Amino acid sequence: MKFLVIIFGIAVSIVMHGSGLSVDNKWWWDLLLSFNVKVLSENLGMVVFCFWIHLPLMIIFSLACALIINRVGYPRYFIYSVLGTSFFTFVVLPSLPVFDVLLADGMSPLRFIDIFVKTLMFLTWFFVFNILVKKYKRLNLLG
């Protein structure tokens, strides 16, 4: 079962850093722009932007992962496999000579901010939902 949890963590890390968890809705964008984020510094504005476009789907994705991992067990192996896969994909692979040629632009600061925000959001929401699911499970509300 530990092996399946590790494989699930690797798959979650790949999906999490893809483009499938971003919201592309005009109403959502207009709501962000109504907060006047243009006055923020460039890096802080990028953090707010990355956080905003991933917020709704990342919450749902983290809740689903927390429910699955609570049912299966081994949350520590899951978190380590997500972090390990993210580290390997975005730190180790780009530093290898072959991938340095293939990934010509390397790790730009904007890409680093995007990866950091996604990983931090997922782990934070996962941790919160994991605690909530454990509490509800103790109360026998989830069965």
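Data overview
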item: Label-point separation, K2 to W27 (7 Å along Cα→Cβ), nm; result: 4.7 nm
item: F116 - accessible surface, heavy atoms, 1.4 Å probe, Å² rounded to 10; result: 120 Å²
item: I131 - accessible surface, heavy atoms, 1.4 Å probe, Å² rounded to 10; result: 70 Å²
item: Heavy-atom accessible area ranking, 1.4 Å probe, most first, across D114, D24; result: D24, D114
item: Nearest-20 debye value, the chain charge dipole, Cβ charges on Lys, Arg, Asp, Glu; result: 880 debye
item: For peptides 29-37, 60-68, sequence by mean Cβ density within 10 Å, most packed first; result: 60-68, 29-37
item: Listed residue (G73, S34, V5) projecting farthest to the positive dipole end of the chain, Cβ model; result: G73
item: The chain, relative contact order [Cα under 8 Å, separation at least 6], %; result: 38 percent
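The values are calculated or read from the model by the stated rules, or taken from the named source; none is laboratory data. Everything quoted here is computed from the prediction, not taken from an experiment. Cβ sites come from the backbone with ideal geometry, for glycine too, and all protein chains shown count toward neighbours. Note: areas computed on protein heavy atoms with side chains; ligands, DNA, RNA excluded. Shrake-Rupley method; radii C 1.70, N 1.55, O 1.52, S 1.80 Å.
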